[in-house]
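The values are calculated or read from the model by the stated rules, or taken from the named source; none is laboratory data. This is a predicted model, so every value here is computed, not measured. Please note: Cβ atoms are built from the backbone with ideal geometry, for glycine as well, and neighbour counts cover all protein chains shown.
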Amino acid sequence: MRPHALLLALLLPLTVLAQEDAPAEPAAAPEAMPLDEIQRYVAVYRAIKEAYVEPIDDQTLMKAALRGLLADLDPHSAYLEKEDAEALDEQTEGAYSGVGVEIEQRPDRSLLVVAPIDGTPAQRAGLRAGDVIIAIDGQALASEGADAASRELRGPEGSQVTVTYLRMGEPAPRDLVITRETIRITSVSSRVLEPGYGYLRIANFQTDTGPQVLRQLRALNAQAEGGQLAGLVLDLRSNPGGLLNAAVEAADAFLDEGLIVRTKGRLVYSNASFHAKPGDLLKGAPVVVLVDAGTASAAEVLAGALRDHRRALLMGSRTFGKGSVQTVVPLENGDSIKLTTARYYTPRGRSIQARGIRPDEVIRGETSRDLREQDLPGHLRGDQETGDGFAMGEVIAGDEAIAKALARLKLPMRWSAARPDASKH
């Protein structure tokens, strides 16, 4: 995932945990090239080269065509220039220089703030999920997408950038001056809420998230009487996702067995199942997971797996609903393409794409438009997608939700026969 650009891409790494590959299928015969469409493309290309008001070189024109080819597929497929591809790698490692905010470009080129990253300059300066950035350093936003905008937000540590944004319910835009820093994302943090009860926060899923979850769960257990927690609050609010492998490793820490997630796509490598290995670190102690409209992608994989196995109760608001997998394909010139190659399914076979996960118990939050996958223009249609007009996502901030989750931990965990996602809402 890349700094500042949308971190909702559930990236499929080269190595996976407890993976079962689907059997190889016979290769399909290559389709015939659409000669009429190719000729039409060449005609348009030549017309632009010959008649555009200003000269335009072949490299610029070709890159524009490639960007458009991917941008029209879905909101998460993109052409990444070398700098953006390198930034994506930096993000999965958890260190880069910038302001620390996840964004998604809207059709009018403005940038929706999906979430400021915990403890970063953007969060401290006051940017919120649902804010809409309309200019950077006084300049209109580029048309190349969120990747190009992220380059404007990145910069040397100590330098400043002015972000102009709109906030729902306010009549005029605001200017915010943010000082860039080296962003070292703390993917996992924890603390003791009270004797016997712990709190684990996962801010995103990067390369070291799985080992960090194991380390901090063991530390929480060690602080509990008898060396075992009586319950845990797992906080996935405004977690935009990250690496699939990291989410699988995190889920495995809470499960003894069973399917965690399954991916399904057109290619053999896109079809895989990920299973838990023996070793629930909490030994069945109750878990309450906090989710909201900013809980997306890999975070939904974790939440969905724990609930489908009745290992955790979910509290909060409906999640974002990004149930697709992106694979990064490097090109010879150093650029890459980020391509949607699969959908993922929870252990009970449910697709979350454009539907999200509805919590077992609702906590009201601050509403904001566009904080749902189904509101993104051109989104991949979900298997169980239902239209509900212009309903808004809800972001839940603050410690009050943690207190409610802690109180709920102390009550019996009663599971109904029909899960909330099993019927239409």
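It is to be established whether one or more residues within the stretch 294-311 are basic (Lys, Arg), within 18 Å of GLY349 (Cβ to Cβ), assigned to a loop (DSSP other than H, G, I, E, B) and touching a residue at least 40 places away in the same chain (Cβ under 8 Å).
So far as the stretch 294-311 goes, yes, one or more of its residues are basic (Lys, Arg), within 18 Å of GLY349 (Cβ to Cβ), assigned to a loop (DSSP other than H, G, I, E, B) and touching a residue at least 40 places away in the same chain (Cβ under 8 Å).
For the stretch 340-366, the set of residues classified as hydrophobic (A, V, I, L, M, F, W, C), buried (at least 18 other Cβ atoms within 10 Å of the Cβ) and not in a loop (DSSP other than H, G, I, E, B) consists of ALA342 only. The residue that is modelled with the lowest pLDDT, among those in the stretch 367-401 that are buried (at least 18 other Cβ atoms within 10 Å of the Cβ), of a type outside the set (S, T, N, Q) and not in a loop (DSSP other than H, G, I, E, B), is ASP375.
Those strands (runs of 3 or more DSSP E) of the stretch 149-224 in which at least 1 residues are in contact (Cβ under 8 Å) with a residue 12 or more places away in the chain and within 22 Å of ASP84 (Cα to Cα), considering only elements entirely within it, cover 160-166, 174-179, 181-184. Cβ-Cβ distances below 7 Å connect no pair with a first residue in the stretch 39-67 that is in contact (Cβ under 8 Å) with a residue 12 or more places away in the chain and on the phi > 0 side of the Ramachandran plot, a second residue that is aliphatic (A, V, I, L, M) and surrounded by 10 or more Cβ atoms within 10 Å (Cβ to Cβ), and a separation of six or more residues or different chains. Checking VAL177 against (1) modelled with pLDDT of 95 or more; (2) surrounded by 15 or more Cβ atoms within 10 Å (Cβ to Cβ); (3) over 30 Å from PRO286 (Cα atoms); (4) of a type outside the set (Lys, Arg): exactly one of these is not met. Which one? That leaves (2) as the condition not met. Please verify whether the stretch 252-270 includes one or more residues that are in contact with a Leu (Cβ under 8 Å, 6 or more places away or on another chain), part of a strand (DSSP E or B) and crowded, with 24+ Cβ neighbours inside 10 Å. Among the residues of the stretch 252-270, at least one is in contact with a Leu (Cβ under 8 Å, 6 or more places away or on another chain), part of a strand (DSSP E or B) and crowded, with 24+ Cβ neighbours inside 10 Å, which makes the answer yes.
Of the residues ALA125, ALA172, ALA135, which is within 30 Å of ALA64 (Cα to Cα) and not assigned by TED's automatic domain parsing to the domain that holds ASN245?
When all the criteria are applied, what remains is ALA135.
The selection criterion, being more than 30 Å from ALA246 (Cα to Cα) and either at pLDDT 85 or above or in the same structural domain as GLN374 (by TED's automatic domain parsing) (or both), holds for LEU66.
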